1. If I ask for residues that are farther than 19 Å from Leu168 by Cα and either in contact with a Leu (Cβ under 6 Å, 6 or more places away or on another chain) or assigned to a helix (DSSP H, G or I) (or both), which ones from segment 81-99 would you list?
2. Given (1) crowded, with 18+ Cβ neighbours inside 10 Å; (2) in contact with a helix residue (DSSP H, G or I) (Cβ under 7 Å, 6 or more places away or on another chain); (3) at pLDDT 95 or above, where does Met33 come up short, assuming only one miss?
3. Does segment 60-73 contain at least one residue that is more than 30 Å from Ile247 (Cα to Cα), among the acidic types (Asp, Glu) and open to solvent by 20 Å² or more (accessible area, probe 1.4 Å)?
4. So which residues in segment 121-157 are among the hydroxyl-bearing types (Ser, Thr, Tyr) and open to solvent by 20 Å² or more (accessible area, probe 1.4 Å)?
5. Got a number for residues in segment 179-194 being closer than 21 Å to Ile50 by Cβ and either modelled with pLDDT of 90 or more or open to solvent by 70 Å² or more (accessible area, probe 1.4 Å) (or both)?
6. Whether any residue in segment 161-170 is surrounded by 15 or more Cβ atoms within 10 Å (Cβ to Cβ), in contact with a Lys or Arg (Cβ under 7 Å, 6 or more places away or on another chain) and more than 19 Å from Gln48 (Cβ to Cβ) is what I want to check.
7. Please verify whether segment 123-130 includes one or more residues that are among the aromatic types (Phe, Trp, Tyr), modelled with pLDDT of 90 or more and not in a helix (DSSP H, G or I).
8. Looking only at residues that are farther than 19 Å from Arg266 by Cα and in contact with a strand residue (DSSP E or B) (Cβ under 9 Å, 6 or more places away or on another chain) in segment 101-120, which one is surrounded by the fewest Cβ atoms within 10 Å (Cβ to Cβ)?
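The values are calculated or read from the model by the stated rules, or taken from the named source; none is laboratory data. What you see is a predicted model; the values in this text were computed from it and never measured. Don't worry about glycine lacking a Cβ; one is built from the backbone with ideal geometry, like all the others, and counts go over all protein chains shown. These accessible areas exclude ligands, DNA and RNA; they are computed on the full protein's heavy atoms, side chains included. Shrake-Rupley method; radii C 1.70, N 1.55, O 1.52, S 1.80 Å.
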Amino acid sequence: MYFSKNSGRSRYTFFSESMDQLLSRRQEMEGDMRAALKAGNEFQVHYQPIIDARDHRVKGYEALLRWEHPKFGSISPELFIPIAEETGLIEAVGAFVLREACTAAAEWSGKSVAVNVSGIELRDEGYAAKVKNILLSTGLSPQALELEVTETAATDEASAVVANLDALRAIGVQIAIDDFGTGFSSLGRLRTLNVDRIKIDRSFVRGFGEKAGDEAIIRAIVELAHASGLKTTAEGVETSFQDAGLIRIGCDSLQGFLYSKPVPLRDIELTRSTDSSPG
């Protein structure tokens, strides 16, 4: 049943041995995740710099979770985050990342930190209070924290989601839509979204200069976002050509391998000292 649902509506699926193996592996991974949260040394937060398009200086970092499994090595978040969401572990994982990121950012002078938030977390009526408590305990200013949500979460009209976003923005926390353009939000909805920033998905940036429509799409997003009082960040910048073009279009911030891959906290000082000039 679950395989059929994940494949789309109005489908059926015959049971196979591979399904049983996959289910067993998922159950094993769930147990491993619980153990990793208790151990405290397998999950690590890496940081990718976010560049100010005006002067190419580092203005902040995005916190990205990494899991180094003792048996299987590095496990992709694309694999373990959905399992965390399905099993209820996402709240513990999210709290871990948020606390680690806020603790680190509290030591950065004038730089912000962006943290991804699951829609499941936002549906928790007490989520905003949890964020406030972490900010208070770590000493990080709310204005230095940006929470990245999906388009689906940003347009969720559930009362808890709306209340959490309102409460967080009221104290100065910034809200960004991650991977904008991959969900179902129309450009026209930018005017009504309860957010401060749009992060343009890397799929558009990748085709910049190669696909005629991608530059036009990015330009339309940037212009409408600015008209709605929102800032923009382009993700997945990998070439100087993309860098120059995105600056010309008017993107406010840039992020990608051109400037730096995500790095462990211990390497942040080096990244900050060089201020990430492209090239």
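1. Ile81, Pro82, Ile83, Ala84, Glu85, Glu86, Thr87, Ile90, Ala92, Val93
2. Among (1) crowded, with 18+ Cβ neighbours inside 10 Å; (2) in contact with a helix residue (DSSP H, G or I) (Cβ under 7 Å, 6 or more places away or on another chain); (3) at pLDDT 95 or above, the lone unmet condition for Met33 is (3).
3. Within segment 60-73, one or more residues are more than 30 Å from Ile247 (Cα to Cα), among the acidic types (Asp, Glu) and open to solvent by 20 Å² or more (accessible area, probe 1.4 Å).
4. Residues satisfying the conditions are Ser137, Thr138, Ser141, Thr150, Thr152, Thr155.
5. The total comes to 1.
6. yes
7. Filtering segment 123-130 for residues among the aromatic types (Phe, Trp, Tyr) gives 127.
Filter again for modelled with pLDDT of 90 or more, leaving 127.
Subsequent filtering for residues that are not in a helix (DSSP H, G or I) retains none.
Within segment 123-130, none of the residues are among the aromatic types (Phe, Trp, Tyr), modelled with pLDDT of 90 or more and not in a helix (DSSP H, G or I).
8. Only one residue tops the list, namely Gly119.
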